[in-house]
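A short worksheet on the structure shown next.
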Amino acid sequence: MSAADRQRRHRERQRKGVAVLPIEVDGGVYWALTLAGLVAEADLTNSSAVAKALGHAVKDWSTRQVGNALRSGALKGDIVSSS
């Protein structure tokens with residue numbers, strides 16, 4: 001992928017409000033992703049597969065949290081601002 005392609009992807013993510021973050025995970029996280037059915041055990045050494053699974057797990061978790069907050073009336077207004 002060229003530098004221009006990476007820059008386009010970066011700008012598109014910014015427009016969508018998406019961030020790519022470096023994170024550290026330990027063995028427990030790998031196994032939790034496997035137990036949840038988000039990544040196959042054979043793919044645990046594939047960082048792209050693990051990253052995708054983590055993205056799905058965080059999105060599912062955040063959707064539940066925001067839904068709970070909206071139902072309880074605890075969430076009002078935007079809590080995330082673009083830079």
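FYI, it's all coordinate maths here, none of it is from the lab. Since the structure is predicted, the reported quantities are computational estimates derived from the model, not experimental observations. Heads up, the Cβs are rebuilt from the backbone with ideal geometry, glycines too, and the neighbour counts pull from every protein chain shown.
Brief remarks on what is shown
- Search result, residues across region 30-42 that are assigned to a helix (DSSP H, G or I) and buried (at least 17 other Cβ atoms within 10 Å of the Cβ): Tyr30, Leu33, Thr34
- The residues of region 46-77 that are over 18 Å from the mean Cα position of the chain (by Cα) and either surrounded by 10 or more Cβ atoms within 10 Å (Cβ to Cβ) or outside any helix (DSSP H, G or I) (or both), listed by number, are Asn68, Ala69, Leu70, Gly73, Ala74, Leu75, Lys76, Gly77.
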